[in-house]
Structure formats: C-alpha cells, structure tokens
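Chemist: Sharing a structure below in structure tokens format, with a few things to ask.
FYI, it's all coordinate maths here, none of it is from the lab. Source: prediction; values computed, not measured. Counting neighbours? That spans all protein chains shown, and the Cβs are built from the backbone with ideal geometry, glycine included.
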Amino acid sequence: MLKQRIITALLMLPVALGGFFLLEGGAFALFIAAVITLAAWEWAQLAGFSEQPQRLGFAGVVAILLLLLFNYQQLAGLLMALGMAWWVLASVLVLTFPESSRHWAGRPARLLIGLLVLLPAWQGLLLLKQWPHGNALILAVMVMVWGADIGAYFAGRAFGKRKLAPEVSPGKSWEGVYGGLLATVVIALAVGIYCQWSVRELILGMLATLLVVPVSVVGDLTESMFKRHAGVKDSSNLLPGHGGILDRIDSLTAAVPLFTVLLWLFGWGVQ
C-alpha cells in the first residue's frame, strides 16, 4: 500500500503542480474543470447513484455548467455567495449528524449540494488565478490547508481527547483543530515577517487564517459525512493508494471560496 501511494504521488505531483502553476487563462480553467468533473463523477456515488450512466450524466451536467460559468463571469459573485451560504449550513449539518441527514438524504438534495461544493471551488480558483500574484495566492491557500492538516495530525495524536464530530469522523479531535490553527498562524506570521507586512496586513493575515482553517475542516468533515451516509470508505479509487479526487480536495473545496471572498473584502491581492 505504501509503495502504491508513493508511486501515485510521484506520478500525480508534476501534473498537479504544472496544472496549477504553469497554465494560464482558458488552459487553467480547463485543467481545473477536468478535476472538478472527475470529482462530480465521484460525488454522484455519494448522492446514491451507483450506475455508470447516472454518474457520467451528473459529471456531464457539471462540465456544461462550468462552461456556462466560464462564458458568463458576471455570475461569479452570486456563485461565491451561494458557496459561502452552503458552508455555513454545512457546519450545522456536520455537527448535528446523523439527525441532520433527514434534511438532505434525498438524491436531488445531495446532487444540489454537490454543485454547491464543486462549482464555487472552481470559480474561486479562476478568480485567484486572474488576480495579480495569482500563483502565490493559490499556493497560499494550499499551504494553509496542508499546514492545518499536518498540525492537526500531530496535535491530535499527541493531545487528542475531545472528539470533534464522532458520528462523522471519530479520529478527529478539537485538540487537532487547535493544533492545525496554531500551525497555520505560525506559518502566516513567518510569511508576514519575511514579506514585511504592515501591522494591518499582519492582523488581516491572522484573521484570514483563523477563518479559513476551520472552514477547511468543515470541508473535510462534509465529505466524510456523505461517505458515511453512502457507506463507502473512499470517494473512488481513481488515485491508487490515495482514494479519489474528492478525498484529496475536500478541504480545498471549502477553503478556496472563503479565501477568495476574504481577499476581495480586504482588497488584498486583487490590485
């Protein structure tokens, strides 16, 4: 299993890095759209569809919607607002699972939620890429999520006692969340000092970290909630040893929209 994980990582890493940081414009949008479309194919299974024609149909619908959004960029603001509203609601649903499942257990509801998870993430990445220092902004949100994951892992193993959402993901603890927050705050502080941020920029950086990291945790827990309801361990086996696309991007689907909206509100990175 470890050998398989390493081989998959070595094959996928250059593809991911090249797609995120070397492509521009329409090529970048197409690359991210391909990732999101594959994730939509996986989400259809979480929505209760096991037959390939149904799963491919949902993926096709998502691909068409992405094309429409690319051609009608004026819808970006509305889509990001819908994404924000969804992640607020998702926080409540995760913390009240399994009781909350009665509100979204139907297939239409789960398909709609899939759109609210995937489409704003795609739109957020496109907006980040279009802004000045776009690659640095995309790297920043990735480092934020990865730093939180690493900090949460070690803090959870060392100090984890109070379960965060035992019905969704028994292994996660509140201590792990605090450890992830501490790790990302330290990273943001180090970056701020290195880049000689002003006091205002440093405060905004800390605030963004304290908001984005918990939401990224909600993204992870949300996918876990739907996998548990669907009775599956991984979203797919597209990435041998690593599960599926959704298993790798679940935190980013929540973090990217909020990160993008915060940058826009703060006027940071967009000028």
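Chemist: Working from the pairwise distances between different alpha carbons, so that the mean of 1/r is found and then inverted, what is the stretch 166-225's Kirkwood radius in Å?
Modeler: Over the stretch 166-225, the inverse of the mean reciprocal pair distance is 12.6 Å.
Chemist: Follow-up. Give me P(r) over the chain, computed from all C-alpha to C-alpha distances, binned every 5 Å, as integer percentages.
Modeler: Spelled out bin by bin, the chain gives 1, 6, 12, 17, 19, 18, 14, 8, 3, 1, 0 percent.
Chemist: Rounded to a whole number of µm²/s, how large is the Stokes-Einstein D of the stretch 60-203 at 25 °C and 0.890 mPa s, given Rh as the Kirkwood radius over C-alpha pairs? Working shown, then result.
Modeler: Working: Rh = 17.8 Å.
Using the Kirkwood radius from Cα pairs, D works out to 138 µm²/s.
Chemist: What's the ranking of 29-37, 197-205, 61-69 by average number of surrounding C-beta atoms within 10 Å, highest first?
Modeler: On the way: 29-37: 19.4, 197-205: 14.0, 61-69: 17.0.
Highest-to-lowest ranking by the protection proxy: 29-37, 61-69, 197-205.
Chemist: Suppose every Lys and Arg Cβ carries +1 and every Asp and Glu Cβ carries -1, with no other charges. What dipole size does the stretch 2-266 come out with about its Cα centre, to the nearest 20 debye?
Modeler: Working: 17 positive and 13 negative charges, 91 e Å.
Roughly 440 debye, rounded to the nearest 20.
Chemist: Hey, another quick one. Just the number: Rg to Rh for the stretch 28-75, Cα atoms, Kirkwood Rh, two decimals. Please report the intermediate quantities before stating the final value.
Modeler: Values: Rg = 11.4 Å, Rh = 11.0 Å.
Reported Rg/Rh, Kirkwood definition of Rh: 1.04.
Chemist: A follow-up question, please. Rounded to the nearest Å, what's the spacing between the alpha carbon centres of the stretch 73-133 and the stretch 144-192? Just the number, please.
Modeler: If you average the Cα positions of each part, the centres end up 23 Å apart.
Chemist: In whole angstrom, how long is each semi-axis of the equivalent ellipsoid of the stretch 138-270, when you take the square root of 5 times every eigenvalue of its Cα gyration tensor and sort them from largest down?
Modeler: Gyration-tensor ellipsoid for the stretch 138-270: 28, 17, 12 Å.
Chemist: Taking the Cα centre of the stretch 65-220 as origin, work out the dipole magnitude from +1 charges on Lys and Arg Cβ and -1 charges on Asp and Glu Cβ, in debye rounded to 20.
Modeler: About 240 debye.
Chemist: Give the long-range amide H neighbours of K172: residues separated by 5 or more places, or on another chain, with amide H under 5 Å away, using H modelled in the peptide plane at 1.01 Å from N.
Modeler: L164, A165
Chemist: Among K233, K129, rank each residue by its count of other Cβ atoms within 10 Å, from fewest to most, as a rough exposure measure.
Modeler: Fewest-to-most Cβ neighbours within 10 Å comes out as K233, K129.
Chemist: What are the chymotrypsin sites (Phe, Trp or Tyr not before Pro) within the stretch 55-119 that DSSP puts in a loop, where the Cβ has at most 14 other Cβ atoms within 10 Å? Walk me through the numbers on the way to the answer.
Modeler: On the way: sites: F58, F70, Y72, W86, W87, W104; in loops: Y72, W104.
Filter output for the stretch 55-119: Y72.
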